[in-house]
Each structure stands twice: as structure tokens, then as C-alpha cells.
Amino acid sequence: MSAASGALLALLDALRGRVAELVERRGSGDPTAADPLRGLYVTQEHAHRLATAAPQPAAGLMGSGELGGSLGELAGPFGLSPLDQRILLAACAPDVDRRFEPLYGYLNDDVGRRRATVALALDLAGTAPHDPAARARFHPLAPLRAGGRFALEDEDRPLPGRALRVPERVVARLLGDDALLDTELVGRGVELLPPAARDVSAPGDPLATRLAGLAADRALLVHLREHRDGSPEPGGGRAAGHRAARAAPPADSRAGGRHRPDRPRPAA
């Protein structure tokens, strides 16, 4: 087991404790808690209980600071707040540990909905959908969605009831696997290079050197033409892009001049 996997499993253990608290809290005053068909229908008694129940105080999940591990490593490149990290942890839990599936189905009051919803993820994180700042974390331009950390499903549902689906490449990254190519890039001529891959065959190419320096600092959008002035070779732009990718100096332990699944995808 990798260090990243161990750290994520430890966080999931803490999350499961929070889930157990929610299950206990919701089941203590629910007369349908023992009903084997709970979640398949709503009785009048259950509807009345929901309509008259007093708001429950939220309890934070594992404090309010950085979670650390691979989740903490994503915080810098993607600008994830501590709340973002907790939302992502709740969203990816069923993809790592299937024991969360029936627990989430119970908490969603629907046995068929075994992924975290917006409302459930926020509840587990210690807030709720009525908090404007919390709702803003699900905006298309917010870091979690803009960076492709998860997708919102069920477009016909109100925001609190929409399910969160984490791409497999993100789950793999959280578990320590940084070598999984984004499925959207499969078949598009994108080469995933090993971390130590460097090409020193063309150190004098100024365009490749410039691109390499920029790519080492941040993800960037680059448009390359197939022909550059002064470059008679066909595919000169693509060749320069490959040289830049191979020549980029590593900015940290994950860098190395390659497509990085844990950072925003630059379009070539």
C-alpha cells in the first residue's frame, strides 16, 4: 500500500465515523428507520416528520484545516479550500470503499442513490446548502468543477439533490497513481511521459526552452501551428511542443514535463 493510499484510507475512516453520527442522528427520531423498504416510498408520517423537524446543528469533519495527504497536495495547484477538500473526500468515498454505498443510500433516503449528493457532502463537511459560500463551491467556475475534480449529475434536480461523480483519474491520483491518462485525451495523440523523461537533443530551440520554463511554473494554454516561420520540417509546432514537454524542469516531485492528471489540462 502506498503512502497516499494509507493517508486517504485514514481520512475515510474518520469520514465513516462522521457518517455513523449522521445515521444515528437521523434514525433516532425516524419511525421508518427499521422499514426494509425505507427509501422506496414516503409515508405521511415520514413527510410530517421532515416538515416539522427542527434544524440540526452541523458538526465539522476533522476540524477546519487542511486534510493533508494527496488531498492536501491538490490544494495548491487547484486552489482548493479546506471545505473543497472535505467535499472531494465525501464524493470519492464510494469509489474507494464500497461500504459507503449503502450508508449514502440511507442518508439520501433513496437506496438507489449511493453517491454523495451536494447536500450530503456539505452535511458531512459541517455546513449546509443554505450557506451561500458553501453553495458557491459547486459553481462551474469554482476550483472543484473548473479543475475537473468532479462532475455534477442529475441536471433536472435542485442543487442540494444532485449527485457528485469523481472521475477515475482523480480517484487514482488521490490513491497515489499519477500515471493514469485522462480518458478525454485517449486517442488524441497525447503522450504521457515518465517523471524523469527529459530530451536534451535540441537544447538550443528557443521556443521549446521558453515553453518549458512557463510549463514548469503553471498550467498554460498553448496553440501550436504545424509550421513555424523558419522551420521547414513538417509538424514543426508539434515537435517543438514535444521538446518543450520533455525539457521542462521539474517544479516539484510530480513535475517532469508531461501531461499531469492532477493539474488543469493544457490544450495543445
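Each value in this text was obtained by applying a stated rule to the coordinates, not by laboratory testing. Values in this document were obtained by computation on a predicted structure and should not be read as measured data. No Cβ is skipped: glycine too gets one built from the backbone with ideal geometry, and neighbour counts run over all protein chains shown.
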Additional length obtainable on full extension of the chain from A151 to D13, 0.36 nm per residue less Cα span
47.3 nm
Karplus couplings for the stretch 132-137 from phi (6.51 cos²θ - 1.76 cosθ + 1.60, θ = phi - 60°), rounded to Hz, Gly and Pro as x?
x, 5, 6, 4, 5, 5
Expressed in nanometres to one decimal, the distance between label points 7 Å along Cα→Cβ at V186 and S2 is 1.9 nm
Once both labels are modelled 7 Å past Cα along the beta-carbon direction, what's the L214-D97 spacing in nm?
4.4 nm
For E24 and A133, FRET efficiency with R0 = 22 Å and r from the beta-carbon atoms, rounded to 0.05?
0.20
